[in-house]
Amino acid sequence: MKAPTRALIALFSAGGFAFATDYAYDLGVRAAQNGNNQEAIKQFTQAIRVDPNHTKAYFGRGLAYADLNDTSKAIVDYTQAIKIDPKFADAYGGRGFAYYNLGNYSKAIVDFTKAIEIDPNNAYAYGARGDAYNGLGDTSKAIADYTQALKIDPKFAEAYYNRGLAYANLGDTSKAIADYTQALKIDPKLAEAYNNRGFAYDSLGDTSKAIADYTQAIKIDPNYANAYNNRGNAYADLGDTSKAIADWTQAIKIDPNYADAYNNRGNTYNKLGDHKQAIADYTQALKIDPKLAAAYNNRAVAYYILGDYKSATKDARKACELGDCKFLQYLGENKLLRD
């Protein structure tokens with residue numbers, strides 16, 4: 001699920017920086033706006049020395065720490081801002097987002113809920129709480145929150161996108177496509193929406209539309225490894241093995257630890273009869289992800305084709321340990337198991 005970074009930071013940046021009254025705080029705001037988080041922290045700290053109850057300085061410093069991925073310090077500052085001003089909705093939102101980043105979705109939901117209680121028209125808090133519910137696997141509550149966020153702000157592109165992901169998780173592909181499409185009307189540069197809409201079209205068997213969407217995602221973000229991988233799968237479905245291999249190879253160049261891309265490319269090499277190259281790709285996939293059962297099974301098939309039944313048996317057994325016993329059963333039924 002996509003984290004609510006842009007939406008929340010946009011909200012929080014607007015929340016407390018409009019009425020700077022002291023010099024250090026104002027310098028902190030300017031530094032934060034220029035992306036100089038270290039200087040922002042220095043200036044906000046000075047503002048807090050002058051006024052230990054400066055809630056907005058604590059909040060601003062919390063944002064700067066969050067941008068530097070120092071989540072624990074961010075939480076401390078948001079908490080102090082809340083102690084001083086228990087009605088500071090943005091501080092609850094900031095702390096909720098920090099908990100979200102830590103994977104503590106239950107605490108995030110508590111804070112987002114408090115932000116909503118204080119400000120019932122806080123669309124971003126609804127969207128963020130929806131993300132947290134998704135993190136807990138509560139898709140129905142997530143959809144309800146995204147829907148409420150969109151009632152408040154019909155131009156909230158990420159809420160459409162994330163609700164689309166939630167519908168996709170429920171298997172409602174048509175609603176997912178509708179939401180991705182609406183997100184793209186609002187934000188035509190949302191590469192993730194093109195990629196996921198492409199995946200949805202792929203699941204419906206509309207490969208041409210899928211490829212068009214993956215291609216658009218890549219135009220927006222040329223380093224989008226997952227879009228290359230997905231387009232490779234689509235080309236493979238069409239039987240265009242050269243384009244498929246080219247896309248998986250590009251995905252691997254962008255992300256050398258992309259196990260699925262190695263596995264997918266291995267499958268095509270296997271179909272082309274280049275079983276040794278297929279085995280090399282499956283082996284690399286398994287170095288990256290030793291629990292990828294499909295790669296063990298696929299490598300077992302390649303070994304089997306080459307007549308190496310001992311290696312095939314070893315890989316098939318490992319795949320079975322990981323939950324996929326089909327090829328092991330095949331070898332057993334045909335009396336080809338070798339230890």
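The values are calculated or read from the model by the stated rules, or taken from the named source; none is laboratory data. None of these values were measured; they are calculated from a predicted model. Glycine gets a Cβ as well: all are built from the backbone with ideal geometry, and neighbour counts include every protein chain shown.
Just one of (1) modelled with pLDDT of 95 or more; (2) surrounded by 17 or more Cβ atoms within 10 Å (Cβ to Cβ); (3) among the hydrophobic types (A, V, I, L, M, F, W, C) fails for residue 84. It is (2). Of the candidates 239, 205, the single residue that is part of a loop (DSSP other than H, G, I, E, B) and farther than 30 Å from residue 304 by Cα is 205.
Listed here are the helices (runs of 4 or more DSSP H) enclosed by the stretch 9-76 that have at least 2 residues being modelled with pLDDT of 95 or more: 37-50, 55-67. Taken together, 229, 233, 223 contain a single residue that is in contact (Cβ under 8 Å) with a residue 12 or more places away in the chain, of a type outside the set (D, E, K, R) and not in a helix (DSSP H, G or I), which is 223.
Within the stretch 263-305, restricting attention to residues that are touching a residue at least 24 places away in the same chain (Cβ under 8 Å) and outside any helix (DSSP H, G or I), which residue is nearest to residue 253 (Cα to Cα)? Ranking the qualifying residues of the stretch 263-305, first place goes to 289. Which numbered condition trips up residue 319, out of (1) hydrophobic (A, V, I, L, M, F, W, C); (2) touching a Cys at 6+ places or on another chain (Cβ under 9 Å); (3) under 27 Å from residue 207 (Cα atoms)? Unmet for residue 319, out of (1) hydrophobic (A, V, I, L, M, F, W, C); (2) touching a Cys at 6+ places or on another chain (Cβ under 9 Å); (3) under 27 Å from residue 207 (Cα atoms): (3).
Hey, does the stretch 118-125 have a residue that's assigned by TED's automatic domain parsing to the domain that holds residue 62 and within 20 Å of the chain's Cα centre (by Cα)? Yes.
Test residue 103 against the criterion of being of a type outside the set (Val, Ile, Thr), in a loop (DSSP other than H, G, I, E, B) and out of contact with any Ser or Thr (no Cβ under 9 Å at 6 or more places or on another chain), and give yes or no.
yes
Counting only residues that are among the basic types (Lys, Arg) and surrounded by fewer than 14 Cβ atoms within 10 Å (Cβ to Cβ), the stretch 306-330 holds 2 of them.
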